[in-house]
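A.B. asks: Pasting a structure below so you can have a look.
Nothing in this text is a laboratory measurement; each read-out follows from the coordinates by a stated rule. Keep in mind the model is a prediction, meaning the values are calculated, not measured. As a convention, Cβ positions derive from the backbone with ideal geometry for all residues, glycine included, and neighbour counts pool all protein chains shown.
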Protein chains: 2
Amino acid sequence: MIQTKVITIGDELLIGQVVDTNSAWIGQHLNEIGVKIDKIVSIRDTESAILNELDDPSMDIILVTGGLGPTNDDITKETVAKFFGTELYLDQTYYEQLEAFLASYNLAMNDLNRDQALVPKGCRIIDNKKGTAPGMHFHKEGQHFFFMPGVPMEMKLMMENDVIPFIQTHYSLQSVHHHTVLTTGIPESELAIKLEEWENALDNGISLAYLPNYDGVRLRLSCYSGDSSLITEIEKQVAYLKETYPSFVYGEGEETLGEVIATKLVQKEQFLATAESCTGGYIAHSFTKMAGASQYFKGSIVAYENEVKIEELNVAAEHLFQFGAVSKPVVTQMVRETLKKFQANYAIATSGIAGPTGGTEEKPVGTVWIAVGNGRRIVTKCFQFGNERERVIRKATMTAMNILRTEFLNN
Amino acid sequence: MIQTKVITIGDELLIGQVVDTNSAWIGQHLNEIGVKIDKIVSIRDTESAILNELDDPSMDIILVTGGLGPTNDDITKETVAKFFGTELYLDQTYYEQLEAFLASYNLAMNDLNRDQALVPKGCRIIDNKKGTAPGMHFHKEGQHFFFMPGVPMEMKLMMENDVIPFIQTHYSLQSVHHHTVLTTGIPESELAIKLEEWENALDNGISLAYLPNYDGVRLRLSCYSGDSSLITEIEKQVAYLKETYPSFVYGEGEETLGEVIATKLVQKEQFLATAESCTGGYIAHSFTKMAGASQYFKGSIVAYENEVKIEELNVAAEHLFQFGAVSKPVVTQMVRETLKKFQANYAIATSGIAGPTGGTEEKPVGTVWIAVGNGRRIVTKCFQFGNERERVIRKATMTAMNILRTEFLNN
């Protein structure tokens, strides 16, 4: 069994200013290729702490993140050179790459950036596609050391493009096969009760984990990669869940609900538009953050103020007065006008009380009306998403998107 | 200086299923009373890993979370007893407390819960106000060990009610004073060069850290709380930075750029609306995610498609043809029409190429035109935010918001 340690460097981690999400990401991705991390250590940005943690002969692989930025408080590189008994030099190739990288952002080389091209002799440079600090790989007495920046995006790309492939090539790993089924719109406990019988009948070689987050509950099925009959069995179970529970199982693997919908709309050559009150642009953002959104997304009216609902979405003032902005007639009209205004095939509308204020006895904080429809049919539904503002916005967004997805199933 | 270590126990941390937020919380709260954590270690739920980490004579205080639950995979308590050379016994007082606690939830005592009242001899029990697992405090050869459950709420209450007061009583602590200055729109290296002289002239008792994230670079100034002249000096330097660099210093402490703008708009009793192409609703979301947005935010037109820009924002088709959607005349018109349409005092408009496709030689991916204005004056500027879609959207959002903030300075 390979012994692996992750070291994250930075005072900000130890005083709690930043939560270390890097090591969880690394843990998850190494686990997928069959490497279990034995220890995660967060330490200060001091020479003695770094030297002390690097000096660990019990480990085969040591992954380090953080402490590689251009400013004075980052001393990792000098310390690394000291640990390996070597010295820093200016790597000409990396310097030229860096110059080109900066130029692509219209930035000139300066002294601080120039220092980024200083690397310890004897290391293999790991390319940084999204930043200026180079990654470093050392091999010493059977141990492999990988040094990466603390910026999550830069670290992730280095892991995916370099470190993970390297580890897979150099060790024979018994990897774990995972397959994740994605659900939304059903609480974990309810899901567990619904799946109890199915879960009890699962093959002993297959393990199941419930992984809840803001957007729903993921079901992760795992087995050892060596057993192809178990892998086939998992595929079968995934297909079963998708077929049996189409209303809350929306996808699998790394898919997002937005992607599932996008694929469908592009296939159908149809267009979506949204009218958002309580979600305030978050549904539009959930689509437009994905590449290629212009193929199916027309736009949105964020109608935060009632006046905007009247002027832009032709909502009747008497409806606002009689039923309130958070009501079925209002979201229905929002969908109707959005379909027309944007000449869209589908429209989503939301109106709710995200809180913390604005709730009444009849419509407490968390009440959200959602309407989804096309020219033929509009579905409306009222939900209660609790009293935490961010959660209300995200749950309303996921739920509205999931209604659109289930509408496709009927069409 | 007291040496302090936090140990978090649990396989789920090492395979990345759960992000360890406990240690960041502990780090922050201990830092506030003057205890700097030297090391955070996450380890598996195995006897050898736990024994190995507990055996650390260099530490004065060791705080442990996790591994105290009722299910089979939690072996911490047995291991703790072994480490201290003692054995588990049923604590009658705790047992009765537990019975009362369960009764308050209408639950009966069962075997799993009964085992929670087993504690190692020689420990002081730390009350658990929100769960069944007792906390434990050992004192051995000058070292203090605190064991707490991994459930954040249970851990936090034990820390606040027991562990922190204990540490404050038993050590004479020198707490650290932090003050953070928030910047945006300037890369870390450029900022460091601009501040080099100022940084070198800082009092030796003040330390400075650069903390970059997606939204900008935070500058953290720290000193020991005991020295009130240093605290005054830090306040002076914070004021100096805010006054000298108003274009990129937007706030301090835990403020967000959105909050700074919101406060200003509410003060002025003025309203904002946005017209978003490449940011696709993210600016609207950045305001509407904050409580109270309806006091100053009217709404947004997310004009993703050109047709929508023409129909909804009255952009001239010949401008789209002649200059393209990503151009000064287009964003200028978007601001003008948004001011009118929403009867807003201020409007923000964005149009850019978020990528990954759609770039040309003249306007590569990452090119974004931003316009910000009111009835009297519209500022327009073109930016290059690189080739990663999410980054382009977030940088464009922060930059547009920062232009609005600097406009307030001129008005």
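A.B. asks: Of the beta bridges DSSP finds with both residues in chain A, what % are antiparallel, to the nearest 5?
C.D. replies: So the antiparallel bridges amount to about 65 percent of the total.
A.B. asks: Taking a ≥ b ≥ c as the square roots of the eigenvalues of the Cα gyration tensor of the stretch A:154-284, is the shape rounded (a/c under 1.5), prolate (a/b larger than b/c) or oblate? Before the final figure, lay out the partial values.
C.D. replies: Values: a/c = 2.05, a/b = 1.26, b/c = 1.63.
Oblate, because a/c is 1.5 or more while a/b does not exceed b/c.
A.B. asks: While we're here: For chain B, calculate the relative contact order in percent as a whole number, restricting contacts to Cα pairs under 8 Å that are 6 or more residues apart.
C.D. replies: The value is 10 percent.
A.B. asks: Still on this structure: If you count the DSSP beta bridges with both ends in the protein assembly as shown, what percent of them are antiparallel, to the nearest 5? Provide the component values of the computation, followed by the final result.
C.D. replies: Details: 94 of 144 bridges.
Counting DSSP beta bridges with both partners in the protein assembly as shown, the antiparallel share is about 65 percent.
A.B. asks: Give me the angle, in degrees from 0 to 90, between the Cα long axis of helix B:22-32 and the longest principal axis of the Cα atoms of chain B, rounded to the nearest 10.
C.D. replies: Relative to chain B, helix B:22-32 is tipped by roughly 90 degrees.
A.B. asks: Oh, and also: Take every DSSP beta bridge with both residues inside the stretch A:257-410 and express the antiparallel ones as a percent of the total, to the nearest 5. Could you put the intermediate results ahead of the total?
C.D. replies: Details: 13 of 23 bridges.
So the antiparallel bridges amount to about 55 percent of the total.
A.B. asks: May I ask for the equivalent-ellipsoid semi-axes of the protein assembly as shown, computed as the square root of five times each C-alpha gyration tensor eigenvalue and listed largest first in whole Å?
C.D. replies: Working through the eigenvalues yields semi-axes of 44, 35, 28 Å.
A.B. asks: Once each part is reduced to its C-alpha centroid, what is the distance from the stretch A:197-256 to the stretch B:223-240 in angstrom?
C.D. replies: Measuring centre to centre over Cα atoms gives 56 Å.
A.B. asks: Quick one: divide the alpha-carbon radius of gyration of chain B by 2.2 N^0.38 Å and tell me what you get. Before the final figure, lay out the partial values.
C.D. replies: On the way: Rg = 28.0 Å, N = 411, 2.2 N^0.38 = 21.7 Å.
Ratio of Cα Rg to 2.2 N^0.38 Å: 1.29.
A.B. asks: Between B:E47 and B:D227, how high is the FRET efficiency from 1/(1 + (r/R0)^6) when r is the Cβ-Cβ distance and R₀ = 45 Å? Nearest 0.05.
C.D. replies: Details: r = 46 Å, r/R0 = 1.02.
Efficiency, from the Cβ-Cβ distance: 0.50.
A.B. asks: With angles folded into 0 to 90 degrees, how steeply does helix B:92-104 sit against the dominant principal axis of chain B? Use alpha carbons for both and round to 10.
C.D. replies: So the helix axis and the longest Cα principal axis differ by about 40 degrees.
A.B. asks: What nm distances, shortest first, do you get from the label point of B:F323 to those in the other copies when the point sits 7 angstrom along Cα to Cβ?
C.D. replies: So the distances to the same position in the other copies read 4.2 nm.
A.B. asks: Once each part is reduced to its C-alpha centroid, what is the distance from the stretch A:340-381 to the stretch A:278-309 in angstrom?
C.D. replies: 13
A.B. asks: Give me the one-decimal nm value for the distance between modelled label points at A:E388 and A:Y105, 7 Å along each residue's Cα-to-Cβ direction.
C.D. replies: 3.3
A.B. asks: Then there's this: Once you have a ≥ b ≥ c as the square roots of the Cα gyration tensor eigenvalues for the stretch A:1-151, tell me rounded if a/c is under 1.5, and otherwise prolate or oblate according to whether a/b is larger than b/c.
C.D. replies: It is prolate, given that a/c is not under 1.5 and a/b is the larger ratio.
A.B. asks: Report the local net charge at B:F342: Lys and Arg +1, Asp and Glu -1, summed over other residues whose C-beta lies under 14 Å from its C-beta.
C.D. replies: Working: positive: A:K309, B:K298, B:R336, B:K340, B:K341; negative: A:E305, A:E307, A:E311, A:E312, B:E276, B:E312, B:E337.
Within the 14 Å Cβ shell, the charges total -2.
A.B. asks: 5 Å is the cut-off here: which amide hydrogens, built 1.01 Å from N in the peptide plane, fall below it relative to A:T367, excluding neighbours closer than 5 in sequence?
C.D. replies: Amide H to amide H, under 5 Å and 5 or more residues apart or across chains, A:T367 pairs with A:I353, A:F385.
A.B. asks: P(r) for the stretch B:176-252: what percent of alpha-carbon pairs falls in each 5 Å bin, starting at zero?
C.D. replies: So the P(r) values, bin by bin, are 3, 16, 29, 27, 16, 7, 2.
A.B. asks: Please give the calculated 222 nm ellipticity per residue for chain B, where each DSSP H segment of at least 4 residues contributes -39500 (n - 2.57) and the sum is spread over every residue; nearest 500 deg cm²/dmol?
C.D. replies: Details: 17 runs with 161 residues, N = 411.
That comes out to -11500 deg cm²/dmol.
A.B. asks: Further, regarding this structure: Could you grab the relative contact order for the stretch B:257-410? Cα pairs under 8 Å, six or more apart, rounded to a whole percent.
C.D. replies: The normalised contact order for the stretch B:257-410 reaches 24 percent.
A.B. asks: Output, in nm with one decimal and in ascending order, the distances from the B:E311 label point to the matching label points of the other copies (7 Å from Cα along Cα-to-Cβ).
C.D. replies: 1.9
A.B. asks: If you don't mind, another one. Taking the label point 7 Å from Cα in the Cβ direction, how far apart in nm is B:D115 from each other copy of itself, listed shortest first?
C.D. replies: Once sorted, the set of distances for B:D115 reads 5.4 nm.
A.B. asks: With a point put 7 Å past each Cα toward its Cβ, work out how far B:T21 is from A:A291 in nm, to one decimal.
C.D. replies: So the two model labels end up 3.1 nm from each other.
A.B. asks: With a cut-off of at most 12 other beta carbons within 10 Å, and DSSP calling the residue loop, which GluC sites (Glu not before Pro) in the stretch B:33-132 qualify? Please list them.
C.D. replies: For GluC sites (Glu not before Pro) across the stretch B:33-132 that sit outside H, G, I, E and B with at most 12 neighbouring Cβ atoms in 10 Å, the list reads B:E87.
A.B. asks: Under a cut-off of 15 Å between alpha-carbon atoms, report the aspartates and glutamates in cross-link reach of A:K289, not counting same-chain residues fewer than 8 places apart.
C.D. replies: A:E255, A:E259, B:E276, B:E305, B:E388, B:E390
A.B. asks: Moving to a separate point now. Just checking the output field for A:20-26: average partner chain Cβ neighbours within 10 Å of each residue's Cβ?
C.D. replies: Other-chain Cβ atoms within 10 Å of each residue's Cβ, averaged: 5.
A.B. asks: Can you tell me the 0 to 90 degree angle between the C-alpha axis of helix B:228-244 and the longest principal axis of chain B, rounded to 10?
C.D. replies: 20
A.B. asks: Per 10 Å bin from zero, what fraction in whole % of the C-alpha pairs of the stretch B:82-171 is there, up to the bin with the longest pair?
C.D. replies: Taking every Cα pair in the stretch B:82-171, the percentages come to 16, 46, 32, 6, 0.
A.B. asks: Follow-up question, since we're still on this one. Assuming R0 = 25 Å, what is the FRET efficiency of B:E190 and B:R377, from their Cβ-Cβ distance, to the nearest 0.05?
C.D. replies: About 0.35, to the nearest 0.05.
A.B. asks: Which part of the stretch B:18-47 falls in the paramagnetic zone of B:K140, meaning amide N under 15 Å from the point 7 Å along Cα-to-beta-carbon?
C.D. replies: Of the residues in the stretch B:18-47, B:47 have backbone N under 15 Å from the label point off B:K140.
A.B. asks: What relative contact order, as a whole-number percentage, does the stretch B:4-170 give when Cα pairs under 8 Å and 6 or more residues apart are counted?
C.D. replies: Working: 262 pairs, mean separation 37.7, N = 167.
Value for the stretch B:4-170: 23 percent.
A.B. asks: Leaving out same-chain residues fewer than 8 places away, which lysines sit with a Cα under 23 Å from that of B:K140?
C.D. replies: Leaving aside lysines fewer than 8 places away in the same chain, those within reach of B:K140 are B:K5, B:K36, B:K39, B:K77, B:K82, B:K121.
A.B. asks: What is the stretch A:257-410 by shape, rounded, prolate or oblate, if you read a ≥ b ≥ c off the alpha carbon gyration tensor as root eigenvalues and call it rounded for a/c under 1.5, prolate for a/b larger than b/c, and oblate otherwise?
C.D. replies: Prolate is the answer for the stretch A:257-410, as a/c is 1.5 or above and a/b outweighs b/c.
A.B. asks: Ranking B:L14, B:L191 by Cβ neighbours within 10 Å, fewest first, what do you get?
C.D. replies: Details: B:L14 30, B:L191 22.
Lowest to highest Cβ neighbour count: B:L191, B:L14.
A.B. asks: Of the peptides A:80-86, A:342-348, A:192-198, how do they stack up when ordered by the mean number of other Cβ atoms within 10 Å, highest first?
C.D. replies: Taking the mean over residues of other Cβ atoms within 10 Å, the ranking is A:342-348, A:80-86, A:192-198.
A.B. asks: At a Förster distance of 35 Å, what's the computed FRET efficiency of A:L202 paired with B:D115, Cβ-Cβ distance as r, to 0.05?
C.D. replies: 0.80
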